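The values are calculated or read from the model by the stated rules, or taken from the named source; none is laboratory data. This is a predicted model, so every value here is computed, not measured. Cβ: placed from backbone, ideal geometry, glycine included. Neighbour counts: every protein chain shown. Protein only, heavy atoms only, side chains kept; ligands, DNA and RNA dropped before computing areas. Shrake-Rupley method; radii C 1.70, N 1.55, O 1.52, S 1.80 Å.
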Amino acid sequence: MKLTSPAFANNGKIPSKYTCEGEDVNPPLVFDDVSEDTKSFVLIVEDPDAPTKTWVHWVVFNIPPYTREIDEDTVPDDALLGRTDFGNKSYGGPCPPSGTHRYIFKLYALDTELDLEVGVTRREVEYAMQGRIIDEAHLTGLFSRD
C-alpha cells in the first residue's frame, strides 16, 4: 500500500497552508495499491519530535474501504474522528515550538471496522486495531516555523 500527497513529497516540506501558520487544513492524500480485503482504514498523524511526547495531530478511523483519496480540508464520508492532543476532534496542523519537526501520516488497512465512538484517543484506536492490520503505509512531511 502507498500513501502520497500531491501537496508535498515524502520527507518534503509541508506547505504553510496546512499548518498553524496558514489555513490549518488537512493536506490532500492519495491511497494506492490497496488490498481487496480492506474493510476500513485508519489514519493517524503525529509529531514524534514534540518536546514532551509524540503529539497527535489527527485521528480518523472507519474510513470506508473504497476510499482512495482524502481531499484538502475534508474528512471522508462516514469516517469517524478521534481526539487529538489539541483536545479536539479535527485536524490540527503542524505548529512546532522550534526547529524542524517530522509529521508522520500513518495509514492502516484493516480487516474490520472498529467498534469505537467518536472522540476516542489514538491509543484506544491502536489497541482496537491490534491483530486487524492488513497493510500500512507512511508519509512523512517536514515543517519548521523558523
> Most mobile of Val59, Val34, Val42 per a Gaussian network model of the chain (Cα springs, under 10 Å)?
Replying inline: Val34
>> Could you compute the longest span of the chain free of GluC sites (Glu not before Pro) located in DSSP loops and having at most 10 other Cβ atoms within 10 Å, not counting the site residues?
In response: 37-116
> Could you sort Ile44, Ile133, Ile104 by accessible area so the largest value comes first, with the probe set to 1.4 Å?
Replying inline: Ile133, Ile104, Ile44
>> Could you put Arg132, Arg123 in order of accessible surface area, largest first, with the 1.4 Å probe and the full protein assembly present?
In response: Arg123, Arg132
> Counting each DSSP H run of 4 or more residues in the chain as -39500 (n - 2.57), what helix-only mean residue ellipticity at 222 nm follows after dividing by all residues, to the nearest 500 deg cm²/dmol?
Replying inline: -1000 deg cm²/dmol
> Which listed residue (Val25, Trp55, Ser40) has the Cα farthest towards the positive end of the charge dipole for the chain, taking +1 on Lys and Arg C-beta and -1 on Asp and Glu C-beta about the Cα centre?
Replying inline: Trp55
>> Using a probe radius of 1.4 Å on heavy atoms only, what accessible surface per residue do you get for the chain? Whole Å² is fine.
In response: 49 Å²
>> Using the crude model of +1 on Lys and Arg Cβ and -1 on Asp and Glu Cβ, and no other charge, please compute the dipole size for the chain relative to its Cα centre, in debye to 20.
In response: 500 debye
> Ignoring ligands, DNA and RNA, what percent of the accessible area of the chain is carbon or sulfur (1.4 Å)?
Replying inline: 43 percent
